[in-house]
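Let me begin by presenting the structure, written as structure tokens, before commenting on it.
The values are calculated or read from the model by the stated rules, or taken from the named source; none is laboratory data. Because the structure is a prediction, the values reported are computed rather than measured. Cβ placement follows ideal geometry from the backbone for every residue including glycine, while neighbour counts extend to all protein chains displayed.
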Ligand SMILES: [Zn+2]
Ligand SMILES: [Zn+2]
Ligand SMILES: [Zn+2]
């Protein structure tokens, strides 16, 4: 399993260390975004003496190079997510169950036009994350409110 990540990391000039590979493997097997503390709990099974700062540092290095995505949560807690979809896209994150789903909407063309027209500048990058409730959590919510 770890074999598939090693070339990705090498391309980004990141050494494929056992810790980085373990982080990617844990995140890949989760359909929800995870906090560094939760990852740390799982890492400790494999690396007995690992400290939380090491987990933080590795997560930052991976997200700086866009191997994993950082989630901007309204509760200000840091979360990370690994998405295998390599094409440009954005994420819908469920604030209730933490599920992440791909959104096939970008809006880059419209943004570029607006920046050119209104700001008279040039767009170099953009960040978009959509927060909400997934269909499952929405159903649950509607049911509880009816009672
Ligand atoms: Zn949900
Ligand atoms: Zn994605
Ligand atoms: Zn976009």
Check your understanding: Among the residues of the range 39-59, is there at least one that is farther than 20 Å from residue 15 by Cα, part of a strand (DSSP E or B) and assigned by TED's automatic domain parsing to the domain that holds residue 9?
Key -> no
Exercise for review: Would you mention how many residues in the range 121-143 are part of a loop (DSSP other than H, G, I, E, B), within 11 Å of residue 96 (Cβ to Cβ) and within 16 Å of ligand 2 (Cβ to nearest atom)?
Suggested key: 1
**Study point:** Members of the range 60-97 that are more than 14 Å from ligand 2 (Cβ to nearest atom), part of a loop (DSSP other than H, G, I, E, B) and either within 10 Å of the chain's Cα centre (by Cα) or not assigned by TED's automatic domain parsing to the domain that holds residue 31 (or both)
**Key:** 95, 96, 97
Exercise for review: Spot the failing condition for residue 27; the list is (1) in contact (Cβ under 8 Å) with a residue 40 or more places away in the chain; (2) part of a loop (DSSP other than H, G, I, E, B), and only one is missed.
Suggested key: (2)
Review point. Can you find a residue in the range 140-147 that is within 13 Å of ligand 3 (Cβ to nearest atom), without any contact (Cβ under 8 Å) to a residue 60 or more places away in the chain and not assigned by TED's automatic domain parsing to the domain that holds residue 38?
Key: no
**Study point:** Given (1) without any contact (Cβ under 8 Å) to a residue 60 or more places away in the chain; (2) within 13 Å of the chain's Cα centre (by Cα), number of the condition residue 100 does not satisfy
**Key:** (1)
Revision key, fill the gap. Per the list (1) within 16 Å of ligand 1 (Cβ to nearest atom); (2) part of a loop (DSSP other than H, G, I, E, B); (3) in contact with a strand residue (DSSP E or B) (Cβ under 6 Å, 6 or more places away or on another chain), residue check on residue 101 breaks on (2)
